[in-house]
Amino acid sequence: MSETSQATLERGVQALKEQIDSTTAAFFSSCTHCGMCADACLFHTETGCPTYTPIHKVEPMRRIWEQEYTLVGRLKKLLGLSKKVTDKELEKWQSLVYNSCTLCGRCSMVCPVGIDITGLIRKMREGMVASGHAPEGLIGASERAVEIGSPMGVRLPALQAQIKHAEQDTGLAIPVDEQGAEYMVLLSSMEIINYPEYLQAIAKIFKQADKRWTLCSEAFEATNTGIQIGSSDIAAELVERVVAGAEKLGVKTVISPECGHAYTALRWEGPNLVGREFTFKVQHILEVLDEFRGQGLIKTEGVEEAKLTFHDPCQLVRRGGVVEQPRNLLNMIAPNFVEMDDHGTMNWCCGAGGGVSANEEADKVRIKAFDRKKHQIKDLGVDTLVTACANCRIQLEDGLEIHDMDIPVQGLTEMIADHLLVSNVSKNIEEQAS
Amino acid sequence: MIKELTRVSNDTEFREALKKLTAEQIREVGALFVDNVMSLNNDKRVTRAVETAHDSNASENELTEVFKSVKKAMIESRTRCGADCDWDDQSVHFVARAATAVVAPEGQCKAKDPMWQVVQSCRMARNCALIAVDDDSENPEAESQYQIFNEFLEAT
C-alpha cells in the first residue's frame, strides 16, 4: 500500500494541516479544558490514566493548528518559542490515537462546547497514517482490504463455500448478483469467518418477509478499514466498490450488517468520501428488520426465557440513532429484557471498536476497558447478552471469558431468525422448492 | 424410544430424529459427530471434552470443568478481527465450538438448538478445511453424519 510505505513526518504534518478546516479551528479555539471528556471515556475511567483524556489525544494536531493558523502561534514560532511536532512525538502518540480510542463518540456527546472530539481523533489518524505511525495490525488489514477486498483475506471462493453451507442448512437459495433485487446485503468478514449463522438468518428472514435480496460477488464486504486506520483515500476506494456493485445490480437499498463502523463508513461518511449522492438507500440490518416488523412482514413465535440485555453498538446509537429498533425487535421475543444503565445514545463502548480489536498492541488496554461493561453486566445479573455488531460480540465473549462469566452472547438478527414462525418459513421454502 | 426412529437421509429427517433423543443420547451421538472431525483438531482441551462426553459415568462437575476448558479453547481459536484468516486454524475453532456445544450445560450454548449447533459446527470445520486447500467439492460431512447417526441407531 503506497500510502503507508511512503510515510514520513513531513507527509504526516502536511496531512494534519490538510485536516484543519474552519470547524477544526473553532473546536481547538473553544476548548475550555474542563476535562468532561475524560470522564466520558472508558479508557480513562477504567485506567485512571490522565493521558487518555480524549482531547489530549489530538494535542499534536492542536499545536500544528496553533503554530500555522493563529497569530499568537505564528509569533511564537517566529521567536522560536513553540515546540515543533516531531516524529518521535507522533510515534509516542500512536498508542493514544489508536490503542486507547474506539472512536465511540461518547466524548463528543458530553463536551459542553460541542467539540466533536471523536471527529478530531479520526482526523488525527490521517496524519498518523501519513507519518508511518499506524499500528501494524491495521496496516495489514487495510492492505488486504484494498488488494483482496476483505481485511481478513476472505476471497470469493471462501464466501461461495459458506454460501453452500448456508443453503444446505436453510434449504434456501442464497441469491448472488441478482439484477434488480430490492436489497443488497453486505457482510463483514467476521460474519463470514466466525458467525456463518448470520447469513442463514438473513436467508430465513427475507424469505418470510418475501423480499428480493442479493449478495454482490464484487462487493460483499462491508468492513471499511480506511475509516479505522484513518485514510480517507482507502475508505473512499472501499466505499466506491460497494457503490459500483449496488449501481450495477440496480438495488434500492444496501444493508449494512451487524458491524458498527461499517454502517458509519457507508451511510454517514460514504457520500462525502466518494463526493456524490448515492442512488440507493443505506440501512443497518436492524433498521430493515424493524421496518419488516412494523409492516407485519415478519412473525415470530415463542420467547426467550432467559433474562437478557442488549449492548448497543456505539456506531449505531451515537452516530446512527438506531436506538428504538433493537428494542422493538426484542419486545417481540424477550419478555425478560432489561436495560443496562447508560443504554442507548450514552451507552458505554465494549472497548474494541474503531480498529482497537485489530490492533494487537492494544490487547492489554482493550481488556482493561472491558471492566466497565463487566460491571454493567454483573449489576444486571443477566443470563444472556445480545448485540448487533460482530466486533462487539467478539470483545464481549473475550471479556466474559477472561472474567469467568458464563454468559452466552448472541446477535440480534440470529435471535429473531431463531423465533420466526416456523410454519411461515416452511411454507415459503416448500413454495421455493416447487 | 430410540427403536422407533428410522434411518435418516436428509436434514429434515435428521433434525426430527435428533429431537427425539434423550439428553444422554444427545451427548453420546454429539461426541461421535465431533470424533469425525477430530483429525482437524490440535487442542488437548477439545480432545478431553470429547472423551468426557463419551464417558457415560462422567459427573456433572467433570462436565462443567471440561465445558469451561473447551469454551476457552473455542474463544482462543477464533480468528481475531482484522487478522488474515488461516482457514486451517478456523477449522480447529469450529471443532472446539462443536465440542463446547456437546458438553454445554443447559442455557450455556448460545444456539437455540445446541445439538444442531454441534452438527453445523462440525460441517463448518470441514468446510473451513476445504477452503484452506482451495477445494470446492461438496462438503461430505452431512452424509457422514447421517451414516454415523444411522449406525448409532442400529447399535442402540
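Maximal additional length on extending the A:ASN331-A:TRP268 stretch stands at 19.9 nm, based on 0.36 nm per residue less the C-alpha distance.
Neighbouring Cβ atoms from other chains, within 10 Å of the Cβ of residues in A:189-197, number 5 on average.
Counts of other chain beta carbons within 10 angstrom of each beta carbon in peptide A:163-175 average 3. Database remark: amide H of A:HIS284 closer than 5 angstrom to the amide H of A:SER256 (H placed geometrically; neighbours at sequence offset of 5 or more, or on other chains; Pro and chain starts carry no H). Using only Cα atoms and rounding to the nearest 10 degrees, what angle (0 to 90) does helix A:390-402 make with the longest principal axis of chain A? Helix A:390-402 sits roughly 80 degrees off the main axis of chain A.
Given R0 = 22 Å, the distance between the Cβ atoms of B:ASP88 and A:LYS248 translates into a calculated FRET efficiency of 0.05. To the nearest 10 degrees, how steeply does helix A:232-249 sit against the main Cα axis of chain A, on a 0 to 90 scale? Long axis of A:232-249 versus the principal axis of chain A: about 30 degrees. Sorting the segments B:27-38, A:175-186, B:129-140 by their residues' average number of neighbouring beta-carbon atoms within 10 angstrom, most packed first, yields B:27-38, A:175-186, B:129-140. Can you bin the range B:45-94 into rounded, prolate or oblate? Criterion: square roots of the alpha carbon gyration tensor eigenvalues sorted a ≥ b ≥ c, rounded for a/c under 1.5, prolate for a/b above b/c, oblate for the rest. Judged from the Cα gyration tensor, the range B:45-94 comes out prolate (a/c at least 1.5, a/b above b/c). In this label model, B:ASN42 and A:LYS281 are separated by 4.8 nm, measuring between points 7 Å along each Cα→Cβ vector. The spread of Cα positions in the range A:8-134, taken along each principal axis and listed from longest to shortest, comes to 40, 30, 23 Å. Sorted from greatest to least, the principal axis extents spanned by the alpha carbons of the protein assembly as shown come out as 94, 53, 45 Å. Note on A:GLU182/B:VAL133: beta-carbon distance plugged into 1/(1 + (r/R0)^6) with R0 of 35 Å gives a FRET efficiency of 0.40.
Note on A:LYS77 and A:THR47: their simple-model spin labels are 3.1 nm apart, each label 7 Å out from Cα toward Cβ.
Sorted fewest first by neighbouring Cβ atoms within 10 angstrom, A:LYS299, A:LYS123 come out as A:LYS299, A:LYS123.
Remark on the range A:138-295: hydrodynamic radius 15.5 angstrom, per the Kirkwood mean of 1/r across alpha carbon pairs. Over the range B:62-136, the pair-distance histogram of Cα-Cα distances with 10 Å bins from zero comes to 22, 47, 26, 5 percent, rounded to whole numbers. Projected over every direction and averaged, the convex hull enclosing the alpha-carbon atoms of chain B yields 9.3 nm².
Of B:CYS81, B:CYS128, B:CYS109, which is the most mobile in a GNM of chain B whose springs link Cα atoms less than 10 angstrom apart? Between B:CYS81, B:CYS128, B:CYS109, it is B:CYS81 that shows the largest mean-square fluctuation. The shape of the range A:308-418 can be summarised by an equivalent ellipsoid whose semi-axes, obtained from the alpha carbon gyration tensor, come to 22, 16, 13 Å from longest to shortest. When B:ARG45, A:ARG241, A:ARG125, B:ARG123 are sorted by how many other C-beta atoms sit within 10 angstrom of their C-beta, beginning with the fewest, the order is A:ARG241, B:ARG45, B:ARG123, A:ARG125.
In this rough spin-label picture, where each label sits 7 Å from Cα along the Cβ direction, the A:ASP210-A:GLU167 distance is 2.5 nm. In chain A, the longest principal axis of the Cα atoms and the axis of helix A:117-130 are about 80 degrees apart. Within the protein assembly as shown, DSSP assigns beta bridges of which about 5% are antiparallel (rounded to the nearest 5). The largest-to-smallest principal axis extents of the Cα set in the range A:238-373 are 46, 45, 21 Å. Karplus-derived 3J(HN,Hα) values for the range B:60-74, using 6.51 cos²θ - 1.76 cosθ + 1.60 with θ = phi - 60°, are 4, 4, 5, 5, 5, 5, 6, 4, 4, 5, 6, 5, 4, 4, 5 Hz; glycine and proline are entered as x. Here the 3J(HN,Hα) profile of the range A:270-284, calculated from phi with Karplus coefficients 6.51, -1.76 and 1.60 at θ = phi - 60°, is x, x, 5, 5, 8, x, 7, 6, 7, 8, 9, 8, 10, 9, 7 Hz, Gly and Pro shown as x. Each Lys or Arg adds one and each Asp or Glu subtracts one; over the other residues with Cβ under 14 Å from the Cβ of A:HIS403, this totals +1.
When A:SER82, A:SER150, A:SER256 are arranged by Cβ crowding within 10 Å, least crowded first, meaning fewest neighbours, the order is A:SER82, A:SER150, A:SER256. Summarise the partner chain shielding of A:353-364 as one whole number: the mean count of Cβ atoms from other chains within 10 Å of each residue's Cβ. Average neighbour count from other chains, rounded to a whole number: 2.
Each reported figure results from applying straightforward, stated rules to the coordinates on display, with no laboratory input. Since the structure is predicted, the reported quantities are computational estimates derived from the model, not experimental observations. Neighbour counts are summed over all protein chains in view; Cβ atoms, including those assigned to glycine, are modelled from backbone coordinates with ideal geometry.
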